[in-house]
1. Can you give the helix-only mean residue ellipticity at 222 nm for chain B, where every DSSP H stretch with n ≥ 4 adds -39500 (n - 2.57) and the sum goes over all residues, rounded to the nearest 500 deg cm²/dmol?
2. Compare A:Ile182, A:Ile155, A:Ile71 in a GNM of chain A, Cα atoms joined below 10 Å, and give the one with the largest fluctuation.
3. Rg and Dmax of chain B, using alpha carbons, in Å: what are they?
4. Looking only at other chains, what is the average number of their beta-carbon atoms within 10 angstrom of each beta-carbon in B:27-34?
5. Pairs to check: B:Lys121/B:Lys183; A:Lys19/A:Lys184; A:Lys96/A:Lys129; A:Lys150/A:Lys171; B:Lys245/B:Lys296; A:Lys111/B:Lys173. Give those whose C-alpha atoms are more than 23 Å from each other in this structure.
6. Just subtract the alpha-carbon distance of A:Glu191 and A:Gln123 from 0.36 nm times their residue separation and send over the number in nm, one decimal.
7. With only alpha-carbon atoms in the gyration tensor, what are the semi-axes of the equivalent ellipsoid for region B:19-99, in Å, largest first?
8. Helix A:157-167 versus the longest principal axis of chain A: what angle, 0 to 90°, nearest 10, using Cα atoms?
Amino acid sequence: MRIYFSANESQNLRSRYQKIIDILVMSGNSVMSNLELDKSARFSDTDVEKFRAAGQTLLEQMDSLVIDATIKSPENGYLVALALTHKKPTLFLHEKGTDVDSNLLSLQKDKNTAAFLVLQDYQEEKLKKYLLEFLQFAEKKGGKEIPKIKFTLRITPKIERYLHWKTHNTKKSKADFLRERIDKMIEEDEEFRRYNK
Amino acid sequence: MTIQRKKVLILYCGSVEEVTESNLPQWLQRMPELDIIADIDSVYVSSKLQNNISPGYWQNVAENIKKNQKEYSGFVIIHPVETLLYTASAVSFLLNDLNKPIIFTGSQKQDTEKKSQLSVKANLINSVQVATFILPEVCVMFGNKLIRANQAHRVYSYSLNVFESPDSAVLGKIDFSIRIFEKNLKKVHVVSRFESKLNNNVEYVKIQPVFNIKEMSQRFVGKAGVFVEGQGHSVPQDLESLFSKLATKTPVVLFDAKTSGAEKNIIYIDNMTLESALVKFMYVIAQTKDLDEIKKLMQMSLAGEVIY
């Protein structure tokens, strides 16, 4: 999944923000952020221009949004509003003991927005748990079960011959065959399952 | 820490088929996301397209904003795309001393109803966010661009950016958030010495290949001003002479025409959009009858409309 992480710049919370990004990246996601932190990426200039020409915002290119609103900013509300408009699963984190805008709380009761919004107060030691729970939630909401991510895979002639031989005279495409094998690997990977607990 | 919530007034002037005077509040309530950005109130102005292109209608929109200026931080106007630039340009002149954000937006026509609804919602959210900023500008917000309204022109493409402008009039872009380009903004705290009114007693002429000078001169009788749209064409010398003669008594604007440029009475304009030039002319002739003063005002920037 492509996740946008947003937070208000703060030296005190910088290591915590980095931890959030680390967890998201370690779970197999690519992360973009308004902060300059390790492991978070940015769109290339070419991509940015392409989206601008089409009148699209970069947020539309993301699968979900994670905000740490421990330090309040008017920008947080705007990002949540825009993400929900585009039906992007959104995790709104704030440290235990800090307030949340009452209008955000009402969004959790609204039938149009509640399905995509998770408001979560947290203590640092439980961050990983909340983030992993959100990833599972986002994968379902974002319809990740439907293959929609396209990438180019270069293979050797030997692999190509094998895939052809394996799928020849079956109703299965080479891509389906590979997807099924990878799904099976995920199911059997205990280490990955343990990490996601 | 608490953050002071801003108040934004949404004026509905049409653009979304399903919205009526009675269901406007309910329609806005279907976008609960708006409430987390600001406290929202709404006013139904009108959705009748035929009214959107009349000076009375533009003044109505401006008056609605002016009478609420103290109560709200900013204003968002939902408006049909076709006539939006006239209303927005008029408001930029009529309220050029307001010093608050006034954002025009609406719905782009799209292939599917779903996409259209999504775009108006995203445009509205972006507009409300901008209306909470300190931004003394009248702008249009469509797609991912915030543009000074009186320098915007319509583009016809599949893109959600239905308006474009010179780079210097792009006031902001949307990516993950809204980036405002401070260097392109007008100065804050403009103090206008003008009255907030328009004179619509203007004869509008388009240069055509065939014309009858005698018939044309009849149309100018009793008019407070004549606005000639050249559409980039050459103006025949006898017609330019007619305009020049007329311009000794009545102000004449010759917009976007290939001319000698030598007739000193005529006001030649080619450094602003058609909508801005026409509305500005109506605004200027409502302020003064002095021909030299009118010429001077037409050639200077009154609301950031001049494209350098």
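Just so you know, all these numbers are worked out from the coordinates, no wet-lab data involved. Keep in mind the model is a prediction, meaning the values are calculated, not measured. All Cβ positions, even for glycine, are placed from backbone atoms using ideal geometry, and neighbour counts span all protein chains on display.
1. -9000 deg cm²/dmol
2. Ranking A:Ile182, A:Ile155, A:Ile71 by mean-square fluctuation puts A:Ile155 first.
3. Every Cα atom of chain B included, Rg and Dmax give 20.3, 73 Å.
4. Mean partner shielding for this stretch: 5.
5. B:Lys121/B:Lys183; A:Lys19/A:Lys184; A:Lys111/B:Lys173
6. Result: 21.9 nm gained on full extension.
7. 22, 17, 10
8. 90 degrees
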